[in-house]
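Before any comments, here is the structure.
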Amino acid sequence: MTPDDVLGVLPEGGLTLLLLAIFLIICIAKGVKIVPQSEKYVVERFGRLRSVLGPGINFIVPFLDVVRHKISILERQLPNATQDAITADNVLVQVETSVFYRILEPEKTVYRIRDVDAAIATTVAGIVRSGIGEMELDEVQSNRQQLIASIKQQVEDAVDNWGIEVTRAEILDVNLDQATRDAMLQQLNAERARRAQVTEAEGHKRAVELQADAELYAAEQSAKARRIEADAEAYATGVVAAAIRENGLEAAQYQVALKQVEALVALGQGEGKQTVVVPANAIDAFADAFTMLKGKG
């Protein structure tokens, strides 16, 4: 059946209804826009920005409004980039960076910048060079987190007019040329040797201090022992002197007699001694001791 045959079988006015139905279908298709959750649509009217459609069902004016741009709002990652930089102490380093961002305001991104990725990469490279140029190599290595935070903040300020949010900026690696690596290795070895010498010297110093403390302690203990011995002798002498004052000369003679007896007893107890030589006055010493003992009793 040809189109003429179809038109021929339509009732009077049916063609108009058919055309109207087709027109309504086209209007609905152009006027109803279903936006995915991960995108936003930029709508223009006669070449000018009309609105930005968010996720869900949206209605626009058919034939007047046109969806010109479909922008993904998912987080994006720029390709890893490597740029040269010179530190404050004139060391050439190669810095590898990675940046993550997402588009928050598509109308700014579409109408204010042409190539978003290239613009962000160029901005990051300049900020990284500037930041590293203010730090020495040791600071770059030890304060990497601080440097990353500074770079992220500066990139956010730079791309704010583009409707972009920088979610993360990372410094993946800081590479040095071979000559600098060799010099740093020599410096590291020298520092290790210096620390070893310092540790050895401190150990020797500590050993000397401990030895001196031990000798001082021994001297103090010896002095204490001598003082105690002297105090004991002084006490004994005082007792003898008191006895002499109280009992007169007889007490002194009694003490001398006891010492003589003790000496004779010790002589008799010696090993291998079968014969004991007794002085002539030994018997007198015994007699004096017993006499005095009886007198005290």
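The values are calculated or read from the model by the stated rules, or taken from the named source; none is laboratory data. Everything quoted here is computed from the prediction, not taken from an experiment. Every residue, glycine among them, receives a Cβ derived from its backbone with ideal geometry; neighbour counts consider all protein chains shown.
Condition (residue is within 30 Å of Leu104 (Cα to Cα), not acidic (Asp, Glu) and not in a strand (DSSP E or B)) applied to the range 178-194: is it met by at least one residue?
As a first pass, look at the range 178-194 and keep what is within 30 Å of Leu104 (Cα to Cα): none.
Within the range 178-194 (the criterion being within 30 Å of Leu104 (Cα to Cα), not acidic (Asp, Glu) and not in a strand (DSSP E or B)), the answer is no, since none of the residues qualifies.
Go over the candidates Ala119, Ala183 one by one and state the one that is outside the structural domain of Asn80 (by TED's automatic domain parsing), of a type in the set (A, V, I, L, M) and under 30 Å from Ala85 (Cβ atoms). I'd like the intermediate steps shown before the answer.
Values: Ala119 fails: outside the structural domain of Asn80 (by TED's automatic domain parsing).
Just a single option satisfies the conditions, and that option is Ala183.
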Problem set entry | Residue under evaluation Ala169, criteria (1) under 23 Å from the mean Cα position of the chain (by Cα); (2) buried (at least 18 other Cβ atoms within 10 Å of the Cβ); (3) more than 27 Å from Ser38 (Cβ to Cβ), criterion not met | (3)
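Residues checked against (1) within 30 Å of Phe23 (Cα to Cα); (2) in contact with a Gly (Cβ under 6 Å, 6 or more places away or on another chain); (3) exposed (fewer than 13 other Cβ atoms within 10 Å of the Cβ); (4) of a type outside the set (Ser, Thr, Tyr):
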site: Tyr41; (1), (2), (3), (4): yes, no, no, no
site: Phe46; (1), (2), (3), (4): yes, no, yes, yes
site: Leu53; (1), (2), (3), (4): yes, no, no, yes
site: Pro62; (1), (2), (3), (4): yes, yes, no, yes
site: Arg68; (1), (2), (3), (4): yes, no, no, yes
site: Pro79; (1), (2), (3), (4): no, no, yes, yes
site: Ser98; (1), (2), (3), (4): no, no, no, no
site: Arg102; (1), (2), (3), (4): no, no, no, yes
site: Leu137; (1), (2), (3), (4): no, no, no, yes
Exercise. So, in the range 12-66, of the ones that are assigned to a loop (DSSP other than H, G, I, E, B) and touching a Leu at 6+ places or on another chain (Cβ under 8 Å), which residue ends up farthest from Leu104 (Cα to Cα)?
Worked result: Phe46
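From the residues in the range 114-149 that are more than 30 Å from Ile103 (Cβ to Cβ) and aliphatic (A, V, I, L, M), which one is modelled with the highest pLDDT?
First, pick out the residues of the range 114-149 that are more than 30 Å from Ile103 (Cβ to Cβ): 133-143.
Cutting the leftovers down to aliphatic (A, V, I, L, M) gives us 135, 137, 140.
Values: Met135: 85, Leu137: 82, Val140: 81.
Per the criteria, the residue is Met135.
Could you grab me the full set of residues in the range 81-93 that are β-branched (Val, Ile, Thr) and either more than 31 Å from the chain's Cα centre (by Cα) or surrounded by 14 or more Cβ atoms within 10 Å (Cβ to Cβ) (or both)?
Going residue by residue through the range 81-93, those that are β-branched (Val, Ile, Thr) are 82, 86-87, 91, 93.
Across the range 81-93, the qualifying residues are Thr87, Val91, Val93.
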Exercise. Mind checking which residues of the range 134-164 are in contact with a Ser or Thr (Cβ under 7 Å, 6 or more places away or on another chain) and part of a helix (DSSP H, G or I)?
Worked result: Leu137, Val140, Val155, Ala158, Val159, Trp162
